[in-house]
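Student: My structure is below; once you've seen it, I'll send some questions.
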Amino acid sequence: MRLDGFRPDMEPTGCIFCEIVAGRAPAAIVWESPEFVAFLDHQPIQPGHLLLVPREHIDYLFDLEPPRYRDLWDCAKNLAIPLKQATGADRIGVAVEGYGVPHLHVHLVPLNSLGDLDPCRRHPVARDELDRMAGQIRSSLQRIRPPRT
């Protein structure tokens, strides 16, 4: 499920998120728009941990122009509601730090208690489990309308 605008013939960038966006690296993508892509973290803090990234390689959150900054947070909000439903979480936590991969990414993490957003809780998950969770989230996401992008 790829939208127009991909150029798989482009040279690899060295950025894993750019490679995922271009379709050259595997990921459990659950939602995409012309401007953003959301996929499951392969080492989640909690089951359902999503990463929301702009298609364009941007390193730092505050380098986004105001309209795209607003669009990013609109997407995060629109993803949080069905993510909460799909995972049965009490809340969806948000984190933006950008040190692990130098490509802007918003973590959307299902939370049920204090401490659930602790990055020390990361652990690898098998691909079949990621695919199962992606299907569950995609089912909930079908009911959202795309944000302005």
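Student: With springs only between Cα atoms under 10 Å, which of 110, 82, 67 fluctuates most in a Gaussian network model of the chain?
Tutor: Result: 67 has the largest fluctuation of those listed.
Student: In whole Å, what are the extents of region 4-107 along the principal axes defined by its C-alpha atoms, from largest to smallest?
Tutor: 42, 30, 28
Student: Name the residues whose placed amide hydrogens come within less than 5 Å of the amide hydrogen of residue 30, ignoring near sequence neighbours (fewer than 5 apart) on the same chain.
Tutor: Long-range HN contacts for residue 30: 38, 39, 40.
Student: Still on this model: Name the most mobile residue of 95, 126, 134, meaning the one with the largest mean-square fluctuation, in a Gaussian network model of the chain with Cα contacts below 10 Å.
Tutor: Top of the fluctuation ranking is 126.
Student: Express in nm, to one decimal, how much length is gained between residue 16 and residue 95 on full extension, taking 0.36 nm for each residue of separation and deducting their alpha carbon distance. Show your work: numbers first, answer last.
Tutor: Details: separation 79, 0.36 × 79 = 28.44 nm, distance 1.90 nm.
Between residue 16 and residue 95, full extension yields an extra 26.5 nm.
Student: Turning to a different aspect of this structure: Multiply the residue separation of residue 112 and residue 43 by 0.36 nm, subtract the distance between their alpha-carbon atoms, and state the gained length in nm to one decimal.
Tutor: In short, 23.0 nm is gained.
Student: Next up: Rolling a 1.4 angstrom probe over the protein heavy atoms, how many square angstrom per residue are accessible across region 29-140?
Tutor: With the other protein chains kept in place, region 29-140 gives 50 Å² per residue.
Student: Further question on the same structure: Could you work out how far apart the two model spin labels at residue 60 and residue 24 are, taking each label as a point 7 Å from the Cα in the direction of the beta carbon, and quote it in nm?
Tutor: It is 2.6 nm.
Student: Shifting gears a bit: Taking K and R as +1 and D and E as -1, what net charge do the other residues with C-beta under 14 Å from the C-beta of residue 90 add up to?
Tutor: Values: positive: 84, 91; negative: 116.
With Lys, Arg at +1 and Asp, Glu at -1, the net is +1.
Student: How big is the charge dipole of the chain about its Cα centre, in debye rounded to the nearest 20, if each Lys and Arg gets +1 on its Cβ and each Asp and Glu gets -1 on its Cβ?
Tutor: Dipole about the Cα centre, nearest 20: 540 debye.
Student: Using a 1.4 Å probe on the protein heavy atoms, what percent of the accessible area of the chain belongs to carbon and sulfur?
Tutor: Working: 4540 of 8340 Å².
The C+S portion of the solvent-accessible surface of the chain is 54 percent.
Student: Can you put 131, 90 in order of accessible area, largest first, using a 1.4 Å probe?
Tutor: Largest to smallest exposure gives the sequence 90, 131.
Student: I would also like to ask the following. Kindly express, to the nearest 10 degrees and within the range 0 to 90, the angle between helix 127-141's C-alpha long axis and the longest C-alpha principal axis of the chain.
Tutor: Roughly 90 degrees between the two axes.
Student: Taking only Cα atoms and a 10 Å spring cutoff, compute GNM fluctuations for the chain and point out the largest among 97, 65, 32.
Tutor: 65
The values are calculated or read from the model by the stated rules, or taken from the named source; none is laboratory data. What you see is a predicted model, and the numbers here were worked out from it, not measured in a lab. Don't worry about glycine lacking a Cβ; one is built from the backbone with ideal geometry, like all the others, and counts go over all protein chains shown. Surface areas here come from the heavy atoms of the whole protein model, side chains and all, with no ligands, DNA or RNA. Shrake-Rupley method; radii C 1.70, N 1.55, O 1.52, S 1.80 Å.
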